[in-house]
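Following: one structure in structure tokens, then a few remarks.
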Amino acid sequence: MTVGTADLHKAINTVWNDNDLDDFFTEDWAVGQSTSYPVLNDQKASPGNPFPYCVLDQTTSRIVTRMSDDSGSKRYTISTDVTFKVHAKVITGDARSAKQIASDLAAEIMKIYGGHPTVQPQSLELDNGTVPNVQFDRDYGIRTGDDEYQWNIHYRFLTDVPVRIIN
């Protein structure tokens, strides 16, 4: 995958998988559910997706810098806003509230992508270009039902990518 934010999504998924984040979410899923449903969903979860799960949502992407070097190489710096939305509900036999489950899972994500107070985030690698900066923006929770909670983690990913320009 080599096209702009598609490459970024691939890098985000690769880091997710390399750090086994699915394991934190699927501990209480029924047998077989992990092969039928993804943990990290793109923009929207499938109907019946077991809790807890995460939705990855890209809200904006914009070119912030255009540049070239002496060799004639052209590059764009792109800022992409991404939100991880952790959805959780009360789990029978678990003393934690849905809010606590969601925030605990959010903390695991923040350990990997940034924003955790004690853990250095992982690097992301693009097929074409680099990710010079991942800026943790904010996190917050939203009660979504009597026994359900959503924890949002906002990031701004800065990518530096080559661009072919026809003269």
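The values are calculated or read from the model by the stated rules, or taken from the named source; none is laboratory data. Model, not experiment: these values are computed from the prediction. Because the Cβ atoms are built from the backbone with ideal geometry, glycine has one as well, and the counts that use them run over all protein chains shown. For the accessible areas, the whole protein counts, side chains as well, though only heavy atoms, and no ligand, DNA or RNA atoms are used. Shrake-Rupley method; radii C 1.70, N 1.55, O 1.52, S 1.80 Å.
Some observations on this one:
- Under the Karplus curve 6.51 cos²θ - 1.76 cosθ + 1.60, θ = phi - 60°, whole-Hz ³J(HN,Hα) for region 5-20, x wherever Gly or Pro sits: 6, 4, 5, 5, 4, 4, 5, 4, 5, 4, 5, 4, 5, 4, 9, 6
- Local net charge near residue 91, Cβ-Cβ under 14 Å (Lys/Arg +1, Asp/Glu -1): -3
- Å² of accessible area per residue within region 5-61, as computed with a 1.4 Å probe and no ligands counted: 52 Å²
- Of 76, 95, 142, farthest towards positive along the dipole that unit charges on Lys, Arg, Asp, Glu beta carbons give the chain: 76
- Whole-percent carbon and sulfur share, accessible surface of region 32-150, 1.4 Å: 43 percent
- Per-peptide packing, taken as the mean over residues of other Cβ atoms within 10 Å, places 5-11, 121-127 in the sequence 5-11, 121-127 from highest down.
- Protection proxy ranking, highest mean first, for peptides 76-83, 63-70: 76-83, 63-70, where packing is the per-residue count of other beta-carbon atoms within 10 Å, averaged.
- Under 12 Å from the Cα of residue 89 - aspartates and glutamates, other chains or at least 8 residues apart: 28, 146, 147, 148
- Phi angles of region 22-29 translate, via the Karplus equation with coefficients 6.51, -1.76, 1.60 and θ = phi - 60°, into HN-Hα couplings of 3, 4, 5, 8, 8, 3, 10, 6 Hz per residue; Gly and Pro are given as x.
- Computed about the Cα centre, the dipole magnitude for the chain is approximately 660 debye when only Lys and Arg (+1) and Asp and Glu (-1) carry charge, each at its Cβ.
- When the residues 18, 137 are ordered by accessible surface, computed with a 1.4 Å probe over the protein chains alone, the sequence from largest down reads 18, 137.
- Extending 7 Å from the Cα toward the beta-carbon at both residue 61 and residue 125 defines two label points whose distance is 2.1 nm.
- Sequence-distant residues sharing a close amide H with residue 144 (under 5 Å, placed H): 149, 150
- Amide hydrogen neighbours beyond the local backbone of residue 96, cut-off 5 Å, H modeled: none
- Whole-Hz Karplus values for region 117-128 come out as x, 10, 10, 6, x, 7, 8, 10, 10, 9, 5, 9 Hz, taken residue by residue from phi with 6.51 cos²θ - 1.76 cosθ + 1.60 and θ = phi - 60°; glycine and proline positions read x.
- Compared with the dominant principal axis of the Cα atoms in the chain, helix 98-113 is inclined by about 30°.
- FRET E, pair residue 100, residue 133, Förster distance 22 Å, beta-carbon r, rounded to 0.05: 0.10
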